[in-house]
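These notes concern the structure reproduced below.
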């Protein structure tokens, strides 16, 4: 039995053979190869061959060839292809040539079976090709077909290859081979094997519309084999569209040929089709596209008649179609009028245009006569015209009055009508008038405003013409529509004045004026300019203008001559006054007087009232009382720069005595109170500058509030106050004043000596204490001569430290009943300064009576306290007994907690 070739081999050979046949039949040109620029993902294996398809073991050889193409079917060159195999060896790699082909040689090993030849290109694409390896061929006949199916078009073909081997498995050379088939035909039925034992013949399919199967048989050296080839039937169709065209030498009909496989309806691309015609012209040939469609244009001749068009494919398929060439006559007409509306002035024109085409929508021949006529309406039109490029035009001239005219256009048997409208000309004049020339500005009373609109000839504008209205004052209807040439709207206003009313149509305008009268006064608005004043000698403006704005109920200024009487409703009582208390007439709705300040700061309120010329109130009354007018105080004041007691600035602290000697960040509130010449609080925001001889003032400048008070904070810390710092840290602030009479500018003391000279100070003396800080508050002001001066004051702060001296002294140590002793308590720090306020002293004794048992210190405090101790024993009481008792004093303070007792005091009964 003849072995059956592996189906994969046959299909691959079929693909290559089919490609070669179509290649040679349709174009005879090699496709342009793609380069290695083709993306790797688009490269694919289109086919392969293994020749011979069967080898024997132990060194049998065969050639393997593969073809790579792009997604467009174009060969891809320059791609490296890698080969590997089982049951043998193979050339490891080759690069594709311009046809996209790469090859390798396979050599069998010592084992029979089916070898797998792997083909890899790119990074991941791998194909596996099967190869049969046999132990021996023993004079066998093998048969292979390059394509298992071909087209039944009389041209398409497939190659039939035969391999003949002798008993030694060697190719049988020179053996006669005979080919036969049941369908189609061989170009040559006899052949002879070559040195490789191969013989070949070509099977060609007959032309046919139905599928058929060819049984191909081969006989050689007493061996026979057969294979089956499918002959695919062809469906060939021819059509023309349109089947009637104009005999003008340019009209065309599209001739279409469709070629498909009969059974599967698969399109046959790249099939060459030849055309011919006995009338007109047509291209000689063209190829079918991917859809199996071939289209060419038949161009008409100048003579009428019928053209027979012939189409032929593969020399075996022929068909005809008929196309009529007819005379061109008008079939379609389109009319237009530009413009479609013109002025009825006996001179404006519109162009009437007719576009005329034949049955194929081609323009009718030049010179085709066209008639224009007016069938309804006035005016004139050019009657006879002829076409050029399928178009004829005529000019329509308007009549003398508005109208709608109908124009009929005829070409051959075609007729159509178009209309043009005659209208009044553009607006030339707008006349405006109001029914009332003057109305109250009360928002209620209205007057009609009419605009008459005419064209240049004096004709009223068409009904419905829009007229736009505007007014410089008041409210008016924005637009109106004409009727008989007149548009009417309503106008009113709540604003007084002269209203200019304008009516507009396009760029043409007209206008009129209406006077708007105010109503009676109903409200007064008071305004100050400037909005504040200063007291006498303050350096500020002492006069302000008071303006009364009088309006009616619609917020319009009152009429001129309305009288307003002004008065001071309230004030600080420092001599302030008005420039006039007589009635003042309004001008443009305003009346005014002046306000003059006195010597007191504060606020004033002004009253304004509508009166008659004699000052009598009107009925109903119309009045207004202003908001407060601020009267600012003058600058800080010092009467005499050589007498600090005349300064209108005072400074104080709380507390006076603070635990601060070598103590950091205990706080003292520092307050300065500043007045002007007349003892008014200075204006809010006046800057007051502070400095100290001990500690730190956190804010260098404080600013006064509305009461003339400025506040800052003193923090205890370095530098700690000493006598030297007290006198030398800062001089008298007016030391540079031209009237200053002091010699050295040192602000005199004295410094307090709280313990009466018991402690030696840092200067070696005993009359003043260290630990006392001087605080200066100073601001810029004036003196009694109006000269720029510094207004200032100083105060002292005690920086007390830990208790260093605590003693008790008793005046008597023996007391009879009713008799008393005085206990003197001395407490102070290293500088002789008292302990801080709020410290507590407590006294205790086991017998007797104490004048106090608890004492809370004041600010700044003292260094010596007195306690009375009395013998309160009752001699008549048998239980009373003489006894001795000490008096114990305890101190609880920020400066320290200490305790001390007196010597025992003897309490006797006699």
Report summary line: Scoring the chain by relative contact order with C-alpha pairs under 8 Å, at least six apart, yields a percentage of 5 percent
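So what is the diffusion coefficient of the range 219-375 in µm² per second by Stokes-Einstein at 37 °C and 0.692 mPa s, using a Kirkwood Rh over Cα pairs?
166 µm²/s
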Requested in this report: Give me the number: length gained by fully extending residue 116 to residue 366, i.e. 0.36 nm times residue separation minus the C-alpha to C-alpha distance, one decimal in nm.
Outcome: 82.3 nm
Query raised in the report: For residue 37 and residue 329, what is the calculated FRET efficiency with R₀ set at 56 Å and r taken between the beta-carbons, to the nearest 0.05?
Result: 0.45
Report summary line: Eigenvalues of the alpha-carbon gyration tensor of the range 234-326, times 5 and square-rooted, give semi-axes in Å, largest first, of 26, 11, 11
Report task. Set the Förster radius R0 to 41 Å, insert the Cβ-Cβ distance between residue 262 and residue 98 as r into 1/(1 + (r/R0)^6), and round the FRET efficiency to 0.05. Result -> 0.65
**Report entry** Estimated inter-spin distance, residue 254 and residue 665, nm [label 7 Å along Cα→Cβ]
**Finding:** 9.7 nm
Requested in this report: List 737, 401, 648 from most exposed to least, where exposure is judged by having the fewest other Cβ atoms within 10 Å.
Outcome: 401, 737, 648
Report summary line: Here, residue 308 and residue 380, labelled 7 Å along Cα→Cβ, have an inter-label distance in nm of 6.0 nm
Query raised in the report: What does a probe at residue 560 reach in the range 505-524, counting residues whose amide N is under 14 Å from the point 7 Å along Cα→Cβ?
Result: 518
Query raised in the report: Okay, helix-only estimate at 222 nm for the chain: each DSSP H run of n ≥ 4 adds -39500 (n - 2.57), divide by all residues, round to 500 deg cm²/dmol; what do you get?
Result: -500 deg cm²/dmol
Report task. Return the ratio Rg/(2.2 N^0.38 Å) for the range 37-83, where Rg is computed over Cα atoms only. Result -> 1.47
Query - Efficiency of FRET from Cβ geometry, residue 612 and residue 570, R₀ 30 Å, rounded to 0.05 - result: 0.70
Query - Taking the range 803-907 and dividing mean pair separation by its residue count, relative contact order in percent (alpha carbons under 8 Å, at least six apart) - result: 32 percent
Query raised in the report: Relative contact order for the range 269-371: what is it in percent, counting Cα pairs under 8 Å that are at least 6 residues apart?
Result: 19 percent
Report task. Mind checking the full-extension length gain between residue 707 and residue 194? Use 0.36 nm per residue of separation minus the Cα-Cα distance, one decimal, nm. Result -> 171.4 nm
Report summary line: What the Cα atoms of the range 405-555 span along the principal axes, largest first and in whole Å, is 111, 33, 22
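Extension gain residue 347-residue 270, at 0.36 nm per residue separation less the Cα-Cα distance, in nm?
21.1 nm is the gain from fully extending residue 347 to residue 270.
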Report summary line: Counting every C-alpha pair in the range 740-879, the percent lying more than 18 Å apart is 68 percent
Report task. Work the Kirkwood hydrodynamic radius out for the range 504-603: mean of 1/r over every pair of different alpha-carbon atoms, inverted, in Å. Result -> 16.0 Å
Query raised in the report: How large is the Kirkwood hydrodynamic radius of the range 644-798, in angstrom, based on all distinct alpha carbon pairs?
Result: 16.3 Å
Query raised in the report: Is any residue of the range 701-735 close enough, with backbone N under 20 Å, to a label point placed 7 angstrom from the Cα of residue 787 along the Cα-Cβ axis, and if so, which?
Result: 731-735
Query raised in the report: Taking Rh as the Kirkwood radius, which is the inverse of the mean 1/r over Cα pairs, what is the Rg/Rh value for the range 332-423?
Result: 1.00
Query - Distance between modelled label sites at residue 435 and residue 291, nm, 7 Å Cα→Cβ extension - result: 7.7 nm
**Report entry** Radius of gyration and maximum dimension Dmax of the range 142-219, Cα, Å
**Finding:** 13.6, 48
**Report entry** Tilt relative to the chain, helix 7-22 - C-alpha long axis, 0 to 90 degrees, to 10
**Finding:** 80 degrees
**Report entry** Calculated Rg and Dmax of the range 803-907 using C-alpha coordinates, Å
**Finding:** 15.0, 52
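Quick check: convex hull over the Cα atoms of the chain, volume per residue in Å³, rounded to an integer? Present the calculation step by step, with values, prior to reporting the outcome.
Values: hull volume 485.5 nm³, N = 910.
So the per-residue Cα hull volume is 534 Å³.
Computed from the coordinates by the stated procedures, all read-outs in this text should not be read as laboratory data. Quick caveat: nothing in here was measured; it's all calculated off a predicted structure. Cβ atoms come from the backbone with ideal geometry, glycine included; neighbour counts cover every protein chain shown.
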